[in-house]
1. Could you please report the charge total around Asp76, scoring K, R as +1 and D, E as -1 over all other residues with beta-carbon less than 11 angstrom from its beta-carbon?
2. Where nothing but the Cβ of Lys and Arg (+1) and of Asp and Glu (-1) is charged, how large is the charge dipole of region 1-85 around its Cα centre, in debye to the nearest 20?
3. Kindly provide the GluC sites (Glu not before Pro) of region 77-148 that DSSP labels as loop, not H, G, I, E or B, and whose Cβ sees at most 13 other Cβ atoms within 10 Å.
4. Which residues make up the longest stretch of the chain that has no chymotrypsin sites (Phe, Trp or Tyr not before Pro) in a DSSP loop with at most 11 other Cβ atoms within 10 Å?
5. Could you go through region 189-201 in sequence order and give the Karplus-derived ³J(HN,Hα) for each residue, using 6.51 cos²θ - 1.76 cosθ + 1.60 with θ = phi - 60°, rounded to whole Hz, and x for Gly and Pro?
6. Can you give me the accessible area per residue for the chain, using a 1.4 Å probe, in Å²?
7. Go ahead and set up a Gaussian network model of the chain, Cα springs under 10 Å, then flag whichever of Met63, Met160, Met168 fluctuates most.
8. Search the structure for amide H atoms under 5 Å from the amide H of Ile32, placed 1.01 Å from N in the peptide plane, and list their residues when 5 or more places away or on another chain.
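The values are calculated or read from the model by the stated rules, or taken from the named source; none is laboratory data. Model, not experiment: these values are computed from the prediction. Neighbour counts run over all protein chains shown; Cβ positions are idealised from the backbone, glycine included. To get the accessible areas, we keep the full protein, side chains included, count just its heavy atoms, and leave off ligands, DNA and RNA. Shrake-Rupley method; radii C 1.70, N 1.55, O 1.52, S 1.80 Å.
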Amino acid sequence: MMENELISKKDLLESAGISYGQLYRWKRKKLIPESWFIRKSTFTGQETFFPRQSILERIEKIMNLKEGASLDHLADLFSPQHGSAHLTLQQLIDRNIVSKIVLDLFNKLFQAKEEYSFTDILHLRITDSLLQQGEISIAEAELLLRTFSEHAEKLQDENMNIMLLRKMGIPLVIFYPASQDLLLDYETKIIASLSLNTFAEQLKMELS
């Protein structure tokens with residue numbers, strides 16, 4: 001992680017307008033991941049730093065949501081573990097959660113289901129979003145859905161990022177821990193890069 005992507009604890013408290021006690025209470029309640037507290041040596045000794053964008057976005061969400069929800073509910077919302085919701089095909093269509101195009105694509109690739117799990121819905125939602133934004137083709141949507149299916153269990157309890165790449169016209173899908181950076185050669189084009197956990201948070205809020 002590059003130095004300019006980090007923010008010190010002192011600067012964070014000032015920028016976010018929160019207290020030391022609030023920060024560590026949210027840590028204890030698992031609203032902020034332990035892995036975001038990065039200890040580094042400085043000329044004044046050991047100091048704590050955070051991934052700048054991630055921590056500032058998380059604190060903004062906590063501040064916006066904490067009046068209407070308990071900290072335990074927020075901890076569940078921010079958890080990388082997937083939710084427990086199940087919806088039928090018709091419910092997904094009626095609630096405009098996933099387009100019929102992507103549902104038909106999913107049902108063509110896999111056996112049709114009476115109910116779709118939260119994990120299914122999340123994978124459909126991500127694929128649908130990228131397809132509707134024109135980021136990926138139908139063939140790449142199929143590749144993404146197949147890759148989700150292949151690694152579904154491994155992805156459920158981890159804070160992972162997804163990257164879609166093209167090299168010499170060939171699409172690639174990569175899942176990697178959100179705490180890590182990827183270094184790519186100059187010939188590889190990044191088509192889309194997103195956080196699985198961010199999409200899961202949004203979907204949990206929508207379905208709750």
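1. Here the charged neighbours net out to +1.
2. Its charge dipole is roughly 280 debye.
3. Glu114
4. With a cap of 11 other Cβ atoms within 10 Å, the longest stretch comes to 44-185.
5. Values, residue by residue: 9, 7, 8, 7, 9, 8, 9, 4, 5, 5, 5, 5, 4 Hz.
6. With the other protein chains kept in place, the chain gives 58 Å² per residue.
7. Answer for the Gaussian network model of the chain: Met168.
8. Lys27
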